[in-house]
Amino acid sequence: MKQFRRMTYPYIVWALILIVAPLLLIVLYAFTTKGNDVVTTKFTFDNFVRFFSDTLFLKVLIRSLRVAAITTLACLLLGYYPAYYIARCSETFKMKWVLIITFPTWINLLVRTYAWIGILQDDGIINTMLGWIGLGPFKMMYTEFAVILGMIYNFIPFMILQIYTSLTKMDMSLLEASSDLGADKFQSFLRVTLPLSLPGIISGITLVFLPAVSSFCIPNMLGGGQYMLVGNVIEQYFLSSGDWNFGSAISMIMAVIIILSMYITKKVDVTEKGEAKRA
Amino acid sequence: MKQKKRILGGFLMFLLVIFLYAPIVYTVVFSFNNTNSLTRFGGFSTRWFEKMASNDTMINGIIYTIVIAVIATFVSTVVGTLTAIGLSKSNRILRNCVEQVNQLPMMNPDIVTAIGLLMFFSALHIEKGFLTLLLAHIMFCIPYVILSIMPKLRSLDPNLAEAAMDLGATPIRALVQVIIPQVMPGIISGALIAFTMSFDDFVISYFATGNGVNNISIVVYTMRKRTNPSINALSTVVIVLITTGLILYNVFSAIGQRRREKEEARLRAQAQD
């Protein structure tokens with residue numbers, strides 16, 4: 001099978017050049033200072049010290065984590081019931097629902113986010129409708145509320161689909177068994193349905209948290225130019241101020257935080273599974 | 001009691017559908033608005049479509065998006081398929097290494113991949129534009145193609161290619177006539193994922209392009225500040241394109257399914273004779 005094995009060589013070279021090398025460049029830039037095209041090889045921690053000693057950057061980082069956490073939690077709470085509902089439909093309806101939930105995600109994220117500007121504006125559709133019943137107008141555009149709403153809107157389908165996938169694998173007779181054994185509806189949900197859907201919840205959390213923490217177009221479009229998340233700061237350092245070294249350091253910090261949080265989530269998943277097996 | 005619960009459940013799902021589709025409906029409706037307000041509908045007109053059609057940036061955005069998506073899909077599908085087949089015949093260490101490297105662009109936030117490419121292109125003094133945009137798109141599409149073909153290859157009999165070659169087929173013929181048809185569903189879904197990833201991408205494109213080569217996402221992003229209903233017209237074009245694509249795909253796969261079923265029935269009938 002040597003002939004076939006050789007077919008991987010071009011891609012290995014390609015991947016080393018276009019996937020691995022750029023990531024190494026980020027690390028290299030993060031640990032050096034000054035010079036965009038000419039890389040100085042003077043190793044330094046200055047960029048990281050600068051980030052962690054400036055309360056402004058720490059504030060942005062904490063805000064990003066908070067916004068991403070709220071978005072993820074909201075997607076989980078709002079998405080769980082629909083996933084459960086779809087999983088209990090008949091086969092034909094299941095497929096239809098999955099199509100309905102998936103369809104918006106096929107449309108460009110920018111296009112979908114732009115639509116919210118007109119809806120949330122001071123004289124937008126929501127405020128016009130609230131006006132009919134004598135409420136408002138509320139300021140929604142260019143607030144954190146708009147940013148979180150935009151993120152929930154864009155990412156909730158991923159959460160629903162992940163939970164649905166794990167729920168649809170569940171054996172429904174388990175619920176009958178638990179009610180035969182004397183559990184009420186709530187207990188059955190807590191002890192049977194919820195643990196069984198945990199893998200879906202975990203992968204749903206990763207699929208929402210990851211893009212939410214690093215997004216920069218949603219905060220920019222719905223939060224306004226003054227509203228900054230980590231992604232916006234990185235964008236500025238690369239495209240406006242041109243300090244690539246510091247920008248690289250920030251993205252490295254963000255990547256490490258994301259990898260750590262995913263590692264912890266996975267660990268929780270594994271221990272939960274282990275405990276379930278033991279029980 | 002049960003009836004009530006079902007109605008409540010249906011109502012909640014109805015709210016979800018409204019939440020998911022209101023912005024899309026809003027966009028389409030207001031792209032036919034006669035005034036330039038983003039919030040008040042002042043009668044039907046197609047003036048924003050005319051304005052879009054005369055706007056070079058927007059038209060070029062649509063063309064670039066489609067051209068890049070088509071080329072990136074083609075290249076990444078071919079390379080991804082060959083690589084996946086090669087990997088399935090390689091030893092486990094190499095396979096694991098490539099799979100791990102493929103994970104990087106899929107797991108890393110887009111913005112990290114994007115700035116890496118930006119610095120990489122400038123370190124090599126490659127001028128940012130069509131070529132860099134295309135390279136970037138091929139780069140993030142290939143891992144998805146490989147990922148969607150690998151499971152199909154795993155369930156394939158490993159001796160199949162060898163059997164074909166024992167029967168006198170050249171390696172290329174064994175590849176084209178035996179292995180590839182067997183993993184075709186994986187290749188097609190890989191190509192579809194690659195196309196939509198490329199068509200929808202914003203972050204990586206935004207950092208990897210230059211010289212006025214913009215895709216639809218970048219056009220929307222750079223024009224967002226001014227009140228400009230022709231963005232709604234552009235959005236409507238995107239929505240219509242994607243909806244048509246999805247409908248065509250579903251119709252064709254339904255037809256293919258029926259044809260396959262018929263073929264199978266015919267073969268079964270022949271076998272019985």
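The values are calculated or read from the model by the stated rules, or taken from the named source; none is laboratory data. On a predicted model such as this, the values are computed, not experimentally measured, just so you know. FYI the Cβ positions are ideal-geometry reconstructions off the backbone, even for glycines, and counts take in every protein chain you see.
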Selection count where residues are in a loop (DSSP other than H, G, I, E, B), within 12 Å of another protein chain (Cβ to nearest Cβ), under 20 Å from B:SER235 (Cα atoms) and hydrophobic (A, V, I, L, M, F, W, C), scope region B:1-47: 2
Count - residues of region B:179-216 that are touching a residue at least 24 places away in the same chain (Cβ under 8 Å) and assigned to a helix (DSSP H, G or I): 23
Single condition A:TYR84 does not satisfy, out of (1) surrounded by 15 or more Cβ atoms within 10 Å (Cβ to Cβ); (2) within 26 Å of B:ARG226 (Cα to Cα): (2)
Test set (1) touching a residue at least 40 places away in the same chain (Cβ under 8 Å); (2) not small (Gly, Ala, Ser); (3) not in a helix (DSSP H, G or I) - B:ASP157 fails condition number: (1)
Some residue of region A:142-161 being more than 28 Å from B:ILE216 (Cβ to Cβ), in contact (Cβ under 8 Å) with a residue 40 or more places away in the chain and more than 9 Å from chain B (Cβ to nearest Cβ): no
Filter pass, B:MET165 being assigned to a helix (DSSP H, G or I) and crowded, with 20+ Cβ neighbours inside 10 Å: no
Per-region count, region B:99-131, residues part of a helix (DSSP H, G or I), free of Cβ contacts under 8 Å to residues at least 40 places away in the same chain and within 7 Å of chain A (Cβ to nearest Cβ): 9
Subset of region B:67-81 that is more than 7 Å from chain A (Cβ to nearest Cβ) and surrounded by fewer than 20 Cβ atoms within 10 Å (Cβ to Cβ) - its residue that is farthest from A:TRP14 (Cα to Cα): B:VAL67
Residue within region A:216-224 that is closer than 23 Å to B:MET107 by Cα, modelled with pLDDT under 90 and either under 20 Å from the mean Cα position of the chain (by Cα) or of a type in the set (Ser, Thr, Tyr) (or both) present: yes
Residue list for region A:153-201, restricted to those being assigned to a loop (DSSP other than H, G, I, E, B) and either touching a Leu at 6+ places or on another chain (Cβ under 7 Å) or basic (Lys, Arg) (or both): A:LYS169, A:MET170, A:SER197
Qualifying residue in region B:82-92 (condition: in a helix (DSSP H, G or I), facing chain A (nearest Cβ under 7 Å) and surrounded by fewer than 22 Cβ atoms within 10 Å (Cβ to Cβ)): yes
Elements of type helices (runs of 4 or more DSSP H) in region A:5-112, at least 2 residues being under 17 Å from the mean Cα position of the chain (by Cα), of a type in the set (S, T, N, Q) and more than 8 Å from chain B (Cβ to nearest Cβ): A:55-87, A:91-106
Residue that is farthest from the chain's Cα centre (by Cα) [pool: residues in region B:175-190 that are polar (S, T, N, Q) and farther than 13 Å from B:ILE142 by Cα]: B:GLN177
Output for region A:163-196, where each listed residue is modelled with pLDDT of 90 or more and not β-branched (Val, Ile, Thr): A:TYR164, A:SER166, A:LEU167
Any hit, region B:253-263, residues being under 30 Å from B:ASP56 (Cβ atoms), within 14 Å of chain A (Cβ to nearest Cβ) and in a helix (DSSP H, G or I): no
